[in-house]
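A short write-up of the structure that comes next.
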């Protein structure tokens with residue numbers, strides 16, 4: 001029986017960690033992290049500047065809306081949970097009201113770039129306060145690890161010292 005233990009332990013490890021690996025490969029788009037949403041918004045905001053500079057004002061405004069509605073808005077819950085509701089309010093005003101208003105008013109490029117820089121700086125600070133991984137995924141990883149440890153300890157007969 002001693003020679004089968006390594007195979008059994010390996011099998012249990014694969015069974016515990018396999019679904020997590022499958023999930024991380026095939027479900028990446030369905031569960032973006034707040035950090036990924038923020039980084040995506042930052043990329044889109046850089047594109048806003050390019051489109052504005054090229055005179056594509058409608059596209060620049062559309063991209064500003066996308067940066068907020070399809071990215072920053074998904075981060076608001078994590079910011080609020082971590083006590084940064086003022087940052088949520090600031091970001092919404094900066095992107096939805098100020099930046100889009102500037103684009104509509106056709107202000108000078110330097111003013112648009114300055115606003116984008118201010119938004120980018122707030123988004124950089126937001127990265128520091130939001131979780132890097134979705135909460136559900138974190139619980140799944142911890143749960144699988146605990147299940148694996150329990151199973152391996154039962155099979156190998158390991159005991160916690162003092163018990």
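Stokes-Einstein diffusion of segment 33-132 at 4 °C, 1.567 mPa s viscosity, Kirkwood radius from Cα pairs, rounded to a whole number: 98 µm²/s.
Each residue, residue 62 and residue 118, gets one label point 7 Å from its Cα in the Cβ direction; the gap between the two is 2.7 nm. Label-to-label distance for residue 125 and residue 47 is 2.7 nm, based on points extended 7 Å past Cα in the beta-carbon direction.
Estimate the FRET efficiency between residue 77 and residue 155 by the formula 1/(1 + (r/R0)^6), using the beta-carbon distance for r and 35 Å for R0, to the nearest 0.05. Kindly include the intermediate steps, with their values, before the conclusion.
On the way: r = 41 Å, r/R0 = 1.17.
According to the calculation, E is roughly 0.30.
Spin-label model, residue 109 to residue 86: label points 7 Å out along the Cα-to-beta-carbon direction sit 3.5 nm apart.
All of the numbers you see were taken from the coordinates with simple rules; none came from a lab. Since we're looking at a predicted model, the values are computed, not measured. FYI the Cβ positions are ideal-geometry reconstructions off the backbone, even for glycines, and counts take in every protein chain you see.
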